[in-house]
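Working notes, beginning with the structure itself.
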Amino acid sequence: MAEPFYKSVAYKKRKNTNKDENPKQERSDFKKDIKSSDSRKQPYEKQPSAAVVRNTKMFDADKIADDAKAVLENFDDIIQSVRPLNAKQRALLASDIARLSRSLTSQRSERRVGYMNETTTLTAYAHYFTWWNLVRLTRLFASMSAESFALCDGDACLDIGSGPLTLPIALYLSRPELRAKKLTWYCLDYSQNSLALGEDLFLAVAARLGGDCGWKIIRVKGGIGTAIKQKASLVTCANMFNESLGEGEANLELLAKKQALALMSYADTGSEEKRKTPAILVIEPGVPQSARFISLLRDALIRRSYGIIAPCPHFQSCPMNGQRHTKSGRIGKWCNFAFSTAENAPKRLLKLSMSAKLPKDRAVLSFVFARLNEKEPSLTLPLFRIASDPIRLSDHRIGHYACSSDGLALIVEGKVLDTKIESGDLIELYGKMTKKDIRALPRDEKSGAFIQVVTRDEKKADAKQKKLDRK
């Protein structure tokens, strides 16, 4: 059985490290070669290690229902069924997507407010951005626990900045247990054309899946702050705030506080006789500024008695808040999650992306999911949320930055490990951790993270061996 990682280990300080022996920094999609900057006094195999007893995936494609997979694979057929394109329009689709992408990024300042009301723009958006967002969101939602979306018949939900109803469609696809629930969805957006297309897409998806659809869609023209008739048990928005994020730390902090209050104003907290626990879900692109905003929004929600459902394994200060250092000007570690699109993304979507010269080999996001009066879990085992790409370390090891209740951690894969660690994974380790134990662990000089080596679960390994021996 693996020893708990809090067991005392003596270290001797290494002297005169040769910087020329370190590899140059080189980033690829999922691996980085970085300078070995940790303060290890012993090789990794001589450092205290902990056994992984459970690894819960954030983006488990196997959790998506088969009927939903079929819809995702052929989502362009559904778009064609509600907004058919002729041969000429199909030939121009890739260039229209490329043009739209430029207007959303490098030419953002030149974009008109009502751009999503234009037919060509909306068609390009649905075929590329909506389709990719469905791929991202269905993987995320399907992998969440059953308790995450605790909705009941008669509940109202609100999706702000709904566009073509991407988030409600993704939730309907990924959570079959919710499809028959009697839910009223208020879908809020400035573009009526986008909402109309979204409702048509939702109804087409529901018809393709079959069964009873209990969801009622109510389209509302407006933005955050626009009144709706009911308070909501679930308030959502995806890829909305990134379009309004300004420059500067003070502006971001002010915006996060303001928007947290606006989101909470829609929440159904119940009455004095019967209190309710509404939830708020905000998803943004996995880029530094959006991740910083999400971290600030998380803080604002916690201060207002909201607890974190996901992704954080704790309610403490965020160790990956993306704050810019005052002296160096560098951005600190920022929370984002990614998965490869090489294996499970729709083939025709990948081909269309190549034609538009916008290939996507991985999907990235940052998010926070919070519920009013959610209780912080009492940890029986140490929890770590993996929040980085794999990192190549010295000794031919692979590391991952991770979030924990004790701060930033650098999780290092041991030579004997029977689980694949990926971005977004929630891993539980054997043993208990105290503040004293944390202080005894070596530190990564570059980030200040404590270094934890992880190995396979020896108890499970022994059980497997005994089973083989019996055979």
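Leaving ligands, DNA and RNA out of it, report the carbon-plus-sulfur percent of the accessible area of the stretch 169-312 at a 1.4 Å probe.
50 percent
Just to check I understand the Karplus step: with θ = phi - 60° and J = 6.51 cos²θ - 1.76 cosθ + 1.60, what whole-Hz values come out for the stretch 382-394, glycine and proline as x?
Taking θ as phi minus 60°, the curve returns x, 10, 9, 9, 5, 9, 7, 5, x, 10, 7, 10, 5 Hz for the stretch 382-394.
What whole-number value in Å² describes the accessible area per residue of the stretch 123-278 for a 1.4 Å probe?
Result: 39 Å² per residue.
Beyond 21 Å, what share of the Cα-Cα pairs of the stretch 389-458 is found? Please give it as a whole percent.
Above the 21 Å cut-off, the stretch 389-458 has 21 percent of its Cα pairs.
Would you calculate the convex hull of the Cα atoms in the stretch 65-166 and tell me its volume per residue in Å³?
Taking the convex hull of the Cα positions in the stretch 65-166, it is 147 Å³ per residue.
Given a Förster distance of 41 Å, report the FRET efficiency between Ile331 and Thr277 from their Cβ-Cβ distance, rounded to the nearest 0.05.
So the FRET efficiency works out to roughly 0.75.
If you look at just the Cα atoms of the stretch 225-288, how large are its Rg and its Dmax in Å?
13.9, 44
Note the full-extension length gain between Lys357 and Lys258 as 0.36 nm times their separation in residues minus their Cα-Cα distance, in nm to one decimal.
31.9 nm
Going down the list Lys182/Lys229; Lys57/Lys420; Lys181/Lys274; Lys57/Lys446; Lys216/Lys276; Lys63/Lys360, which pairs span over 19 Å between their C-alpha atoms?
As for pairs spanning more than 19 Å Cα to Cα, those are Lys181/Lys274; Lys57/Lys446; Lys216/Lys276; Lys63/Lys360.
Taking the solvent-accessible surface of protein heavy atoms with a 1.4 Å probe, what is the per residue accessible area of the stretch 289-371 in Å²?
Spelled out: the 1.4 Å probe surface of the stretch 289-371, per residue, equals 46 Å².
The values are calculated or read from the model by the stated rules, or taken from the named source; none is laboratory data. Quantities reported herein were computed from a predicted structural model and do not represent experimental measurements. Positions of Cβ are backbone-derived with ideal geometry, glycine not excepted, and every protein chain shown enters the neighbour counts. Quick note on the areas: whole protein, heavy atoms, side chains included, nothing else; ligands and nucleic acids left out. Shrake-Rupley method; radii C 1.70, N 1.55, O 1.52, S 1.80 Å.
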